[in-house]
Amino acid sequence: MNSSNRAQFEKLFRELFAPLCGFSMKYVRDLDEAKNLVHEAFVALWEKFESLPADTNYRSYLYTSVRNKSLNYLRDRKMHLSVETVEDHAVDNASDQLISNELEREITMAINSLPEKCRIIFEMSRFEELKYAEIADKLGLSVKTVEAQMSKALSILRRHLADFLSLLIFLLMP
């Protein structure tokens, strides 16, 4: 690795190691394991550093890598838990209700963040259960426009809810 790339990598490491550990901790709840996962992500980046495109967003790359490594760690760890352990640590009804309320709040906020036209089309499709052709007729739009707006809405919602849903999936796994 040339000295310019090495300096860029070292700068990334100095700037992002601690925040990435905090990010991983939100998933794994174990500082030592979070540090290990962040180290793994940096090692993987180091091995690919020179082969990645010059316009790579390394920050985004690392956060995605750490998120995936954290979720994989949880998945693999979960596979090793006994049924008794899972039953002993089962979430009670009050916690389930809190999670449900938080999910509902996050979804509402995400839907409300959509551009108006996009939100209206999304709500007609999902809440009123109208087909794209019916929405197009009611709003005087083409079916292609409705499809494009739904695609845009789902993309925005996916981005808005990604971190919350990853954590929620982990919390709700039996």
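The values are calculated or read from the model by the stated rules, or taken from the named source; none is laboratory data. The structure presented is a predicted model; accordingly, all values stated were derived computationally and were not measured. Cβ atoms come from the backbone with ideal geometry, glycine included; neighbour counts cover every protein chain shown. Ligands, DNA and RNA are excluded from the accessible area calculation, which covers all protein heavy atoms including side chains. Shrake-Rupley method; radii C 1.70, N 1.55, O 1.52, S 1.80 Å.
Matching residues to (1) modelled with pLDDT of 90 or more; (2) loosely packed, with under 13 Cβ neighbours inside 10 Å; (3) among the aliphatic types (A, V, I, L, M); (4) closer than 30 Å to LEU12 by Cβ:
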{"site": "GLU104", "(1), (2), (3), (4)": "no, yes, no, no"}
{"site": "GLU123", "(1), (2), (3), (4)": "no, no, no, no"}
{"site": "ARG126", "(1), (2), (3), (4)": "no, no, no, no"}
{"site": "ALA148", "(1), (2), (3), (4)": "yes, no, yes, no"}
{"site": "SER155", "(1), (2), (3), (4)": "no, yes, no, yes"}
> Does any residue in the range 20-37 that is free of Cβ contacts under 8 Å to residues at least 60 places away in the same chain come within less than 6 Å, Cβ to Cβ, of a residue that is among the acidic types (Asp, Glu) and open to solvent by 10 Å² or more (accessible area, probe 1.4 Å) six or more places away or on a different chain, and which pairs are these?
Replying inline: none
> If ALA7 passes every condition in (1) free of Cβ contacts under 8 Å to residues at least 24 places away in the same chain; (2) open to solvent by 60 Å² or more (accessible area, probe 1.4 Å); (3) over 25 Å from ARG159 (Cα atoms) but one, which one does it miss?
Replying inline: (2)
> Is it true that some residue in the range 133-144 is touching a residue at least 24 places away in the same chain (Cβ under 8 Å), among the aliphatic types (A, V, I, L, M) and assigned to a helix (DSSP H, G or I)?
Replying inline: no
